[in-house]
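Chemist: Take this structure, written in structure tokens, and hold onto it; I'll ask about it next.
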Amino acid sequence: MRHNTVSAIINLVEPWEKLEPLTLDRPVGTLPFGGRYRLIDFPLSSITNAGIQNVMIVSPRSGRSVADHLRSGNDWNLDTIRGGLFNFPYNDLSLIAPQKKETLIHHYYDNTILFLKRSSSEYTVVMGTRNICNIDLKALLRYHQERDNPVTTVYKSIDASETEPDTSVLQLTSNGMATAILPADSENVTPNENHKYAKSLKIFLMSTIDLIDILKEANERGDLISLEDLMLQAVMQHNANAFEYTGFYANIHNIESYYNANMSILKEDNFRSLLYTQRRIFTKVKNEIPTFFARSSHVKGSLCGTGGYIEGKIDHSVIFRNVFVNRNSEIKDSVIMQGTRIGAGSKIEYAILDKNVVIGPNLQLKGTPEKPIVIGKGQRIFQQKEVANV
């Protein structure tokens, strides 16, 4: 891809309430995933693999975890003399005094327009983080250039049984154009002859000049809505090219979907489709030693990050970096995040343990596949009665 052909905007202002307590102190985009990654790594890696060097990050209410993970952008080759990674805050207007809202509206749009103008790019891609995929943005650009519509959006064909009422799907014409993106339960949306829906991945590509015009019009109206909603309006207003993505895909919208997405990576086909293609997935580098597996350990069908110490049994689980699993403990069908400590003799099944959780000895934590038990970041549990209060 020619230098400065495309710039990118990653929108981290995404629904987070249904993912609590995992999202109390972090946006959806910095949720840990797959033993060593964060959700934001996937759009950032697609951007890097396409040679894009101008990237704007729209950070939500809490941007500390975003800044801590991204740093200078060097791990994604975005620490450059020209271009690079630009982090812009987004203000929640529900928390702002009415007399200040108009000023913030103009400030938000003016910053975005300024970034686009200074990027000198011909096209801009807008992406979120809650749809996990490894998309080829070079192919998306070629697809867009070969067609006449001003907007191109991306979809994944999924079975009708996989949809929920509020799943966003493309309304497609007979010649494959998208005329709208609507909830799956809308009366005008029906599956195709193969009983499949075109699930929107909320990825949009368009001319930078056209995007600037859209932002200017929204600014003049005094509207402060997300870029995602502006793109949805653009699809409806102009019609859009519909680009089908065929690789691994997972949507993160609640605790169950987050749990299932991590579990799905334990299938070898999914693991290779997402992480071992010609398009690498990059993340923040940590120079840690490999995980140590004691003679007493027994690990089966699991992912284990670096820097850990394993003495107990692990079955069909995702274990992140620097996790200590003590002797005679058992972990099954669970997601254990960075820095967690599991006491001797404890049994954990169908659980999500956030970063730096400490579980005392001889405890039992058991959820279900439909409702995994969730232990929030930094919690310490040493008595069985404390588990019931989680």
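The values are calculated or read from the model by the stated rules, or taken from the named source; none is laboratory data. Please read these numbers as outputs of a predicted model, since none were measured by experiment. As a convention, Cβ positions derive from the backbone with ideal geometry for all residues, glycine included, and neighbour counts pool all protein chains shown. Please note that ligands, DNA and RNA were not included when accessible areas were found on the heavy atoms of the full protein model with its side chains. Shrake-Rupley method; radii C 1.70, N 1.55, O 1.52, S 1.80 Å.
Chemist: What net charge is computed for the residues neighbouring N49, neighbours being all others with C-beta under 10 Å from the C-beta of N49, Lys and Arg scored +1, Asp and Glu -1?
Modeler: Details: positive: K138, R279, R280; negative: D136.
Charge balance in the 10 Å sphere: +2.
Chemist: For the peptides 316-328, 294-306, what is the packing order when you average, over each peptide's residues, the other Cβ atoms within 10 Å and list the highest mean first?
Modeler: Taking the mean over residues of other Cβ atoms within 10 Å, the ranking is 316-328, 294-306.
Chemist: Follow-up question, since we're still on this one. To the nearest 20 Debye, how big is the dipole of region 348-387 about its Cα centre, given +1 on the beta carbon of each Lys and Arg and -1 on that of each Asp and Glu?
Modeler: 120
Chemist: Return the whole-Å distance between the Cα centroid of region 180-211 and the Cα centroid of region 23-53.
Modeler: Comparing the Cα centres of region 180-211 and region 23-53, I get a distance of 23 Å.
Chemist: Using Cα pairs closer than 8 Å and at least 6 residues apart in sequence, work out the relative contact order for region 205-363, in percent.
Modeler: Averaging sequence separation for qualifying contacts and normalising by length gives 12 percent for region 205-363.
Chemist: What whole-number distance in Å separates the alpha-carbon centres of region 234-265 and region 361-386?
Modeler: After rounding, the separation between the Cα centres reads 30 Å.
Chemist: Could you list, in their original order, any pairs among K286/K347; K199/K366; K18/K371; K267/K313; K196/K366 whose Cα atoms are separated by more than 24 Å? All intermediate terms of the calculation are to be shown ahead of the outcome.
Modeler: Values: K286/K347 29 Å; K199/K366 33 Å; K18/K371 13 Å; K267/K313 19 Å; K196/K366 35 Å.
Those over the limit are K286/K347; K199/K366; K196/K366.
Chemist: Same structure again: Mean residue ellipticity at 222 nm from the helices of the chain, using -39,500 (n - 2.57) per DSSP H segment of n ≥ 4 over the full residue count, to the nearest 500 deg cm²/dmol?
Modeler: It comes out at -7500 deg cm²/dmol, rounded to the nearest 500.
Chemist: Taking the mean number of other Cβ atoms within 10 Å as a proxy for protection, how do you rank 157-169, 358-370, 342-354 from highest to lowest?
Modeler: Details: 157-169: 14.7, 358-370: 16.2, 342-354: 21.6.
Highest to lowest by the protection proxy: 342-354, 358-370, 157-169.
Chemist: Which order do the peptides 80-87, 175-182 come out in when sorted by mean C-beta neighbours inside 10 angstrom, highest first?
Modeler: 175-182, 80-87
Chemist: Another one. Report, in debye and to the nearest 20, how large the dipole of the chain comes out about its Cα centre when Lys and Arg carry +1 and Asp and Glu carry -1 on their Cβ.
Modeler: 1680
Chemist: Pairs of Cα atoms under 8 Å, at least six residues apart: use those to get the relative contact order of region 286-390, whole percent. Don't jump to the answer; show the numbers that get you there.
Modeler: On the way: 308 pairs, mean separation 17.1, N = 105.
Dividing the mean separation by the residue count of region 286-390 yields 16 percent.
Chemist: Could you tell me the accessible area of Y245 in Å² (1.4 Å probe, neighbours in place), rounded to the nearest ten?
Modeler: About 20 Å², ignoring ligands and nucleic acids.
Chemist: Amide H to amide H under 5 Å from F243: which residues, 5+ apart in sequence or cross-chain, H placed 1.01 Å off N in plane?
Modeler: Those qualifying (amide H under 5 Å, at least 5 residues apart or on another chain) are T153, V154, Y155.
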